[in-house]
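Written out below as structure tokens is the structure these notes cover.
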Amino acid sequence: MQVGIVGLPYVGKTTVFNALTGAGAETGGFSAKKSANVAAVKVPDERVWLLGEKVFKSPKITPATIEYLDFVGISRGSVERGELDRALLGQLRDVDEIVHVVRAFRDESVPHVEGSVDPVRDIESLELELILADAQVVENRLSTLRKEIQAKKDPALERERDLLERCREALENEVPLRELEFSPEEERISRGFGFLTRKPMLIVLNIGEDQLEEAEELMGEIERFTSRPGCAAIPICAKLEEEIAQLEEDEAEEFLREMGLGESALNRMIKASYELLDLITFFTGNERETRAWTARRGTTAVKAAGMIHSDMERGFIRAEVINWRDLLECGSYSKARQEGKLRIEGKDYVVQDGDVLLIRFNV
Ligand SMILES: Nc1nc2c(ncn2[C@@H]2O[C@H](COP(=O)(O)OP(=O)(O)O)[C@@H](O)[C@H]2O)c(=O)[nH]1
Ligand SMILES: [Mg+2]
């Protein structure tokens, strides 16, 4: 899974990125480079470690990962001025989710491109840039599509045109595409365009250390954005979390407790991302490797098999399924089987969060 971090310049995008990944990328100052910083983080999930160490006893344990991409700043007018280059936009169109970092911290030494700190205005300006970027894609496709339809009447092309006309109307009214209802076919077509405003968006309100007490109030001020379909928000004190990311695990826990922060930014962001994307985790294991997999809720056993190996999808016979906790209690597959705790499921079985799957297949 890929998550793209966007926002105005100097709002703390790279600081958030460092807090999440511990990558230590350079913060402050306009980055001259056009490409995004990229780093993968392991999804913190004790279940895969428990299964790996106590049940499968495999030398290799592979947690799920999320790749974070830290983009250069987008400011008001960026799209119109053609500042976002093709490669960058292309990269952004491929991400599964957008994290929009919004500045709430006050610090005279850090410039603000709009001259003042105003989260509501900044959320609106960035959203408008994303809307304009999508509108360009829609316009370009519509103009070639019209010619294609003139040359050859094709119902599939007409359906695509109708969809894009609807998109255009929404974007003209500054409505993000997230808010439109698409049929499964429309969803498939729209996915090919990688519309930025169709992607789920997590707003990260970057608050200062001195604003921890005000966090709830500050979140309240942006509620009308965060309560929209496909949106969510969390407050993060990025600068503090960046420092925490440099600490050893037990030191970090101690520090978080002292500051009254509870969970780390990484944990909170990953949880929020999973909820927003409606993701679940399932597991596989044998004597060689224990592994966590991320899938959309509603994924069927045969599709889950396909994530592991295409042969498993093609030759799918059945899945043997057990909840991770039950397997941990039994201690082994053979014990679980003896106790009748392994369920036999067919290819349409909807995989549940925490399932351990053993796929039987034949090719
Ligand atoms: N005081 C304060 N400064 C911050 C905070 N987050 C980021 N900064 C500073 O703001 C500047 C810009 O941060 P950076 O992460 O590079 O922003 P980006 O341009 O959005 O990637 C850096 O000097 C950071 O140290 C914060 O929560 N509080
Ligand atoms: Mg940066």
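The values are calculated or read from the model by the stated rules, or taken from the named source; none is laboratory data. These figures come from a predicted structure and were not determined experimentally. With ideal geometry, Cβ positions are generated from the backbone for all residues, glycine too; neighbour counts draw on all protein chains shown. Heads up: the accessible areas ignore ligands, DNA and RNA and are worked out on the full protein's heavy atoms, side chains in. Shrake-Rupley method; radii C 1.70, N 1.55, O 1.52, S 1.80 Å.
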For the chain, which whole-number percentage of the solvent-accessible area (1.4 Å probe, protein heavy atoms only) is attributable to carbon and sulfur atoms?
47 percent
For the range 228-237, in residue order, the Karplus 3J(HN,Hα) values (coefficients 6.51, -1.76, 1.60; θ = phi - 60°; whole Hz; Gly and Pro = x) are 6, x, x, 10, 8, 8, 9, x, 9, 9
The answer for the chain, accessible area per residue at 1.4 Å probe in Å², is 50 Å²
Would you grab the residues whose amide H sits under 5 Å from the one on residue 317? Only those 5+ places off in sequence or on another chain, please, with H modelled 1.01 Å from N.
360, 361, 362
Kindly give the semi-axes, whole Å and largest first, of the ellipsoid equivalent to the range 104-255, taking each as the square root of 5 times a Cα gyration tensor eigenvalue.
41, 17, 14
How big is the range 67-171 by Rg and Dmax over its Cα atoms, in Å?
17.7, 61
Less than 11 Å Cβ to Cβ from residue 341, Lys/Arg counted +1 and Asp/Glu -1: what total charge do the surrounding residues give?
0
Relative contact order for the range 2-276: what is it in percent, counting Cα pairs under 8 Å that are at least 6 residues apart?
24 percent
Within the range 40-119, GluC sites (Glu not before Pro) in DSSP loop having at most 15 other beta-carbon neighbours inside 10 Å
80, 83, 108, 114
Need one number: % antiparallel among DSSP beta bridges in the range 2-276, to the nearest 5.
25 percent
Taking Rh as the Kirkwood radius computed over alpha-carbon pairs of the chain and applying Stokes-Einstein at 20 °C with viscosity 1.002 mPa s, one gets a diffusion coefficient in µm² s⁻¹ of 95 µm²/s
